[in-house]
Amino acid sequence: MHSMEELNQAAQQEQERLAALPAITLKDKLSIKPQEAAELDPIERRTTMAETCLGFTEAQAKVEANRCMKCKKPFCTAACPIGMPIPQYLEKVAAGDFQGAIDIIRGTSLIPSICSRVCPHERQCQSSCAMGKSLKDPKKGLQLGLMERFVADYERKNLGGKKVPAIAPATGKKIAVIGAGPAGLSAAIELRTKGHEVVIFESQPKLGGVLRYGIPEFRLPKEILDYEISIIEKMGIECRTGIRVFKDITVDYLWKQGFDAIFVGIGAAVPMKLGIPGEDLKGVYTAEEYLRKGNLGEEIYSGKHVIIAGGGNVAMDAARMAFRLGAESVRIVYRRTMNEMPACKAEIKEVLDEGVKVMELHTPEAFIADEDGKVCMAKLGMFELGELDENGRPRPVRVKGDGATIVCDTAVIAIGSKVSPVAAEGIPGLESNKNGTIVVKDTATGETTVENVYTAGDSMHGPLTVVMAMKTGRQAATAIHKKVMGIVDEPAAEAQA
């Protein structure tokens, strides 16, 4: 592990080398070493909520940008869910035009400081980078998450911060946005720029949804979140927090208040459970509760020996949070192997670097209580890998016999989440799927089975990425705009014979 000073000095030397070249050829680009970001010491950072990754320096960002091969048909842009013109902004970074770079980025991304930190770039843009393909190693593709983060952070620190987008003349239309997670925030911003009056209804005290209450501070600092969403009030969007639509107020009430359309962005916040004996013992938490209380600094009992059930990013967050809440040992128990974990490789590396142990091919089958009714042990079942499932992953097959019984005074269940039924129960005619997601006529518009009610994000497609929630939120907002304004799309011209 290198310090930021060492990495910056090496980058400055590389800059000098590149500047001395008459032109940077493809061969030169292939010879540039991929930049790496400095991080806090893995063991020392276990006691702090400070952001783990320290990001790129200016010199590093310029060097990394010079690695771009400027493909005529960039695979990275095609792999980005929102189609960001990546080579164009990288060219600006290489030239030191950071204002030009952020202008390009914000042309497609509403919250780049956030997406750059939490989106799985290794599975999207970076994995498709031509540089990584040329070097036959996806990890050597351009570090696009870190590049986007650098530009967005540079804007915040040196360019006066994000600017309020232009807002069209008032339309006289009024839209209710239920839920202030990434989908709801994106929909609200898009609708407001089109001139509509927008009111956000959020059940929690602050905006952000999973960004605030689910993702830990050491991955997404709250000052970054607050910076990105501070634009909401500056745009004149009204925010009514602490109001639970479907409980405190009804949808019928909203219609009577004169709203022309309703956007439902309640996410997938209902945690799934294992359904095993002892799951209701003291010291057994869902990841949602564990992370929320840890993020907010609320009182929570988290003991010295913690186990986490699950293999996704939420499980990784919970495992790292356990150390920060005072754990001495943390174990992830997962019924497949690490090769099949759905968590990002970068997240798995962070977990292992910090000393979390992984018990592969195991999962809890019962929790055992001490005399005070608190969990003290977990009985595990053993598995082996079987045939591939519909997603291409080997199925975990239970091995006969008793598994290990391990000591634990805290257990966290992080096996996924689903959409709450409150919307389907609270809006007459709104249909939902078996997994709780809201039925839509077209995923490109988010139009539901109820007139003038739209949805997007996890409410529509189940738990996915922040960037997908942002993308579909904007798409739904565009569809709402067309509907309330009576705009009819022109039919596609028929191909001539």
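The values are calculated or read from the model by the stated rules, or taken from the named source; none is laboratory data. Quick caveat, the model's predicted, so the values are computed rather than measured. No Cβ is skipped: glycine too gets one built from the backbone with ideal geometry, and neighbour counts run over all protein chains shown. The protein model used for the area step is the full one, side chains on, heavy atoms only, and it has no ligands, DNA or RNA in it. Shrake-Rupley method; radii C 1.70, N 1.55, O 1.52, S 1.80 Å.
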Among 350-356, 136-142, how do they line up by average Cβ neighbours within 10 Å per residue, starting with the highest? 350-356, 136-142
How many Å² of accessible area per residue for the range 33-174, probe 1.4 Å? 43 Å²
For the range 140-288, what class follows from the C-alpha gyration tensor (a ≥ b ≥ c being the square roots of its eigenvalues): rounded when a/c is under 1.5, otherwise prolate if a/b is larger than b/c, else oblate? oblate
Of Ile215, Val198, Ala188, farthest towards positive along the dipole that unit charges on Lys, Arg, Asp, Glu beta carbons give the range 139-223: Ile215
Anisotropy class of the range 220-263 from Cα gyration tensor, a/c 1.5 cut: prolate
Add -39500 (n - 2.57) for each DSSP H run of 4 or more in the chain, then divide by its residues: what number comes out at 222 nm, to the nearest 500 deg cm²/dmol? -9500 deg cm²/dmol
Principal axis dimensions, largest first and in whole angstrom, of the range 332-373 by Cα: 40, 21, 12
When the accessible area of the range 88-180 is split by element with a 1.4 Å probe, what percent falls to carbon and sulfur? 51 percent
Could you sort the peptides 86-92, 149-155, 398-404 by per-residue average Cβ neighbour count (10 Å cutoff), highest mean leading? 149-155, 86-92, 398-404
For a quick protection proxy, order the peptides 367-373, 407-413, 440-446, 470-476 by their average other-Cβ count within 10 Å, most packed first. 470-476, 407-413, 440-446, 367-373
Tell me the per residue accessible area of the range 268-323 using a 1.4 Å probe; a whole number in Å² is fine. 40 Å²
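Rounded, prolate or oblate: which fits the range 249-329 when a ≥ b ≥ c are the square roots of the eigenvalues of the alpha-carbon gyration tensor, with rounded for a/c under 1.5 and prolate only if a/b beats b/c?
Prolate, since a/c reaches 1.5 and a/b exceeds b/c.
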Show which lysines lie in cross-link reach of Lys234 when reach means a straight Cα distance below 23 angstrom and same-chain residues fewer than eight apart are skipped. Lys157, Lys162, Lys163, Lys173, Lys174, Lys194, Lys206, Lys222, Lys471
Would you rank His305, His481 by solvent-accessible area, highest first, keeping every protein chain in place and using a 1.4 Å probe? His305, His481
If R₀ is 56 angstrom, what is the calculated FRET efficiency for the pair Leu21 and Lys256, using the beta carbon separation as r and rounding to 0.05? 0.25
Taking the alpha-carbon centroid of each part, what is the distance from the range 188-254 to the range 122-160 in angstrom? 28 Å
With a 1.4 Å probe and every protein chain left in place, tell me how much accessible area Glu347 has, in Å² to the nearest 10. 20 Å²
The range 131-174: D in µm²/s via Stokes-Einstein (Kirkwood Rh, Cα pairs, 10 °C, 1.306 mPa s)? 114 µm²/s
Mind pulling up the Rg/Rh value for the range 367-497? Radius of gyration and Kirkwood radius, both on Cα. 1.19
